[in-house]
Amino acid sequence: MTSAQQRAELQRRIWQIANDVRGAVDGWDFKQYVLGTLFYRFISENFARYIEADDESVNYAKLDDKVITPEIKDDAIKTKGYFIYPSQLFVNIAESANTNESLNTDLAKIFAEIEASASGYPSEQDIKGLFADFDTTSNRLGNTVKDKNTRLAAVIKGVASLEFSDFHGSKIDLFGDAYEFLISNYAANAGKSGGEFFTPTHVSKLIALLALHKQTSVNKIYDPACGSGSLLLQAKKHFDDHIVEEGFFGQELNHTTYNLARMNMFLHNVNYDKFNIQLGDTLINPHFGSDKPFDAIVSNPPYSVKWKGSDDPTLINDERFAPAGVLAPKSKADFAFVLHALSYLSSKGRAAIVCFPGIFYRGGAEQKIRQYLVDNNYVETIISLAPNLFFGTTIAVTILVLAKNKSNTDIQFIDASDLFKKETNNNVLTDNEDENNPGHIQQIMRVFDSKANIDHFTRSVPYPEIVTKEYNLSVSTYVEPKDTREVIDIGQLNDEIETTVEKINQLRADINTIVAEIES
């Protein structure tokens, strides 16, 4: 079985398990149990492999908890960020899951002890609350303890049955891929809320490529509205590990999604000391002020959400918003996220941000912010994408690329609205097929790199022209769409009309003759 076939089979199995074990529980409500169990298995096996250190004579799962010395535990927590005793390993819990009458309380205790093991260590904040959404006492699992244990056992046995092959070969990728696949499917079935915590992989790759373009290394990568971490992890997935020197940083408002992001990092083998995901409102209570600037920023912030804005008089003096001289509208925080990202961007870096298209042509405060961005030469490229690329919305969104090291004052506009492939309920951007048949992502990246002018596709517009257009940054203002209307030959059309008129006149004459004959 090839790796592609193995991945496809794994994805089919894991989604079947997720649906079979949830019973009557809504899939969206049940997702944390499937995702949490997958995460529990991963950290258990990852930790056991670390302790065994490739010594085939050691089987950590079979050891007695009593043989663990304080020194072993201390060293492991400093390296892995947490500690799991042999008896707490997923494989041992799975073995007796069907017959364990206290399974739900045993799991709760294990999860609490794993989190507590990091207390007082540098990893404490990265581990704390990881299992908070895995509520083993929830009535979603059933009304009685027996019902709860039955469903928990079904999830554990289902995840235990998944074949991840060799750990040191494809296993790490398969764990991470399985987690991403599950999140993606839950997002696809969650309606509008799905798009709030997961950016489709094909769009994530494009955004990562834009932010990291021609940077052989970056100090760190940041997402101010990181959701489940999918955007951040594209940088790791598609580039050499060393390109991100100091790790991955992100902030997320939703507590459940914040936990998903942290789990996602572990499952993609990003150790606790290489990521920092924080919980909170990025616009009102931003983290990482002491960690900026960032060489690469990627973001898909929520579209047109409300925020405090002018209701908080201190915000106009905030160093993120003050330079623009105006705050984003209270009913539309889009430009507040843009200005936040710009403030955190290094002098050599790029930020690639998914934006609602209305912010590029509306007047008022948004027009003044566009003027600030353009006059200070921070806007490198604006890309309009095809509709229906994201979960929960059919909107044709736009990617804004910011940079502080532009070599000229032109702004590039790319109309990629025709680049998509219809796939089930959503459109997708295709990846590279071969050198002679580049995918949609590669077509966009080629013109982004060259800054060439191509009719009906891309154009670099001089600064004075932007000013004359009153800082309108809508792609359609500068890139003329291809005329797909049928070309009509007027001469041929006139000949056809003349012939038709002659036929009508002849038909009328014939009818008059017949009527006259009948009357006579």
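The values are calculated or read from the model by the stated rules, or taken from the named source; none is laboratory data. None of the values given here were measured: they were computed from a predicted structure. Note: ideal-geometry Cβ built from the backbone for every residue, glycine included; neighbour counts use all protein chains shown. Surface areas here come from the heavy atoms of the whole protein model, side chains and all, with no ligands, DNA or RNA. Shrake-Rupley method; radii C 1.70, N 1.55, O 1.52, S 1.80 Å.
Condition (residue is exposed (fewer than 11 other Cβ atoms within 10 Å of the Cβ) and modelled with pLDDT of 85 or more) applied to the range 470-479: is it met by at least one residue?
Taking the range 470-479 and keeping what is exposed (fewer than 11 other Cβ atoms within 10 Å of the Cβ), we get none.
No, the conditions are met nowhere in the range 470-479.
Would you call ALA341 part of a strand (DSSP E or B), at pLDDT 95 or above and among the hydrophobic types (A, V, I, L, M, F, W, C)?
no
At least 3 residues that are under 20 Å from ASN264 (Cα atoms) in each: list the helices (runs of 4 or more DSSP H) lying fully within the range 39-143 that qualify.
70-80, 103-116, 124-127
What tally of residues in the range 417-470 results from selecting those that are outside any strand (DSSP E or B), under 23 Å from VAL397 (Cβ atoms) and of a type in the set (Ser, Thr, Tyr)?
The total comes to 3.
Looking only at the range 16-38, count how many residues are outside any helix (DSSP H, G or I) and either in contact (Cβ under 8 Å) with a residue 24 or more places away in the chain or open to solvent by less than 30 Å² (accessible area, probe 1.4 Å) (or both).
Matching residues across the range 16-38 total 2.
Evaluate the range 72-94: report whether one residue or more is in contact with a His (Cβ under 9 Å, 6 or more places away or on another chain) and within 22 Å of ARG262 (Cα to Cα). Show your work before the answer.
Within the range 72-94, the first condition is being in contact with a His (Cβ under 9 Å, 6 or more places away or on another chain), and the residues that meet it are none.
Scanning the range 72-94 turns up no residue that is in contact with a His (Cβ under 9 Å, 6 or more places away or on another chain) and within 22 Å of ARG262 (Cα to Cα).
Quick one: THR256 ticks every box in (1) farther than 23 Å from ILE183 by Cα; (2) in contact with a helix residue (DSSP H, G or I) (Cβ under 7 Å, 6 or more places away or on another chain); (3) of a type in the set (S, T, N, Q) bar one, so which box is it?
Of (1) farther than 23 Å from ILE183 by Cα; (2) in contact with a helix residue (DSSP H, G or I) (Cβ under 7 Å, 6 or more places away or on another chain); (3) of a type in the set (S, T, N, Q), only one is false for THR256: (1).
Quick one: count up the residues across the range 113-138 that are surrounded by fewer than 19 Cβ atoms within 10 Å (Cβ to Cβ) and either among the β-branched types (Val, Ile, Thr) or closer than 12 Å to LYS78 by Cα (or both).
Of the residues in the range 113-138, the ones surrounded by fewer than 19 Cβ atoms within 10 Å (Cβ to Cβ) are 113, 115-116, 119-122, 124-125, 128-129, 132, 135, 137-138.
Next, from what is left, pick out any that are either among the β-branched types (Val, Ile, Thr) or closer than 12 Å to LYS78 by Cα (or both): 119-122, 124, 137.
Result for the range 113-138: 6.
For (1) at pLDDT below 95; (2) open to solvent by 40 Å² or more (accessible area, probe 1.4 Å); (3) acidic (Asp, Glu), each residue gets a yes or a no:
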| residue | (1), (2), (3) |
| --- | --- |
| LEU210 | no, no, no |
| SER228 | yes, no, no |
| VAL244 | yes, no, no |
| GLY250 | no, no, no |
| LEU279 | no, yes, no |
| ALA296 | no, no, no |
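List the pairs whose first member sits in the range 45-56 and is acidic (Asp, Glu), whose second member is in a helix (DSSP H, G or I) and surrounded by 14 or more Cβ atoms within 10 Å (Cβ to Cβ), and whose Cβ atoms are under 6 Å apart, counting only residues at least 6 apart or on separate chains?
What qualifies is GLU52/TYR60.
When only residues in the range 349-377 that are in contact with a Leu (Cβ under 8 Å, 6 or more places away or on another chain) and part of a helix (DSSP H, G or I) count, which is most open to solvent (accessible area, probe 1.4 Å)?
So the residue we want is ALA365.
Just to be sure before I move on: is LEU141 surrounded by 20 or more Cβ atoms within 10 Å (Cβ to Cβ), under 26 Å from TYR258 (Cα atoms) and either among the hydroxyl-bearing types (Ser, Thr, Tyr) or in contact (Cβ under 8 Å) with a residue 60 or more places away in the chain (or both) in the structure I sent?
yes
Could you list all residues from the range 281-323 that are of a type in the set (S, T, N, Q), within 20 Å of the chain's Cα centre (by Cα) and not in a loop (DSSP other than H, G, I, E, B)?
SER299
Output yes when any residue across the range 378-394 is out of contact with any helix residue (DSSP H, G or I) (no Cβ under 8 Å at 6 or more places or on another chain), open to solvent by 10 Å² or more (accessible area, probe 1.4 Å), touching a residue at least 12 places away in the same chain (Cβ under 8 Å) and acidic (Asp, Glu), and no when none is. Please lay out each step first, then the result.
Residues of the range 378-394 that are out of contact with any helix residue (DSSP H, G or I) (no Cβ under 8 Å at 6 or more places or on another chain), as a first pass: 380, 386-388, 394.
Checking the rest, the ones that are also open to solvent by 10 Å² or more (accessible area, probe 1.4 Å) come to 380, 387-388, 394.
From what's left, touching a residue at least 12 places away in the same chain (Cβ under 8 Å): 380, 387-388.
Among the residues that remain, those that are also acidic (Asp, Glu) are: 380.
Among the residues of the range 378-394, at least one is out of contact with any helix residue (DSSP H, G or I) (no Cβ under 8 Å at 6 or more places or on another chain), open to solvent by 10 Å² or more (accessible area, probe 1.4 Å), touching a residue at least 12 places away in the same chain (Cβ under 8 Å) and acidic (Asp, Glu), which makes the answer yes.
Kindly evaluate GLY289 against the criterion of being modelled with pLDDT under 90, among the small types (Gly, Ala, Ser) and open to solvent by 20 Å² or more (accessible area, probe 1.4 Å).
Working: modelled with pLDDT under 90: no; among the small types (Gly, Ala, Ser): yes; open to solvent by 20 Å² or more (accessible area, probe 1.4 Å): yes.
Here the answer is no, as GLY289 does not meet what is asked.
Yes or no: the range 57-73 includes at least one residue that is surrounded by fewer than 16 Cβ atoms within 10 Å (Cβ to Cβ), in contact (Cβ under 8 Å) with a residue 12 or more places away in the chain and basic (Lys, Arg).
Yes, the range 57-73 has at least one match.
Whether any residue in the range 395-413 is of a type in the set (A, V, I, L, M), open to solvent by 20 Å² or more (accessible area, probe 1.4 Å), in contact (Cβ under 8 Å) with a residue 60 or more places away in the chain and assigned to a loop (DSSP other than H, G, I, E, B) is what I want to check. First the steps, then the outcome.
Our first condition is that a residue be of a type in the set (A, V, I, L, M); within the range 395-413, this holds for 395-397, 399-403, 411.
Within this subset, residues satisfying the condition of being open to solvent by 20 Å² or more (accessible area, probe 1.4 Å) are 395-396.
Add one more test, that the residue is in contact (Cβ under 8 Å) with a residue 60 or more places away in the chain, and what stays is 395.
Then drop every residue that is not assigned to a loop (DSSP other than H, G, I, E, B), which leaves 395.
Within the range 395-413, one or more residues are of a type in the set (A, V, I, L, M), open to solvent by 20 Å² or more (accessible area, probe 1.4 Å), in contact (Cβ under 8 Å) with a residue 60 or more places away in the chain and assigned to a loop (DSSP other than H, G, I, E, B).
Yes/no per residue for (1) open to solvent by 30 Å² or more (accessible area, probe 1.4 Å); (2) in contact (Cβ under 8 Å) with a residue 40 or more places away in the chain; (3) more than 26 Å from the chain's Cα centre (by Cα):
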position: LEU419; (1), (2), (3): no, no, no
position: THR430; (1), (2), (3): no, yes, no
position: GLN443; (1), (2), (3): yes, no, no
position: VAL447; (1), (2), (3): no, no, no
position: ASP455; (1), (2), (3): yes, no, yes
position: ARG459; (1), (2), (3): yes, yes, yes
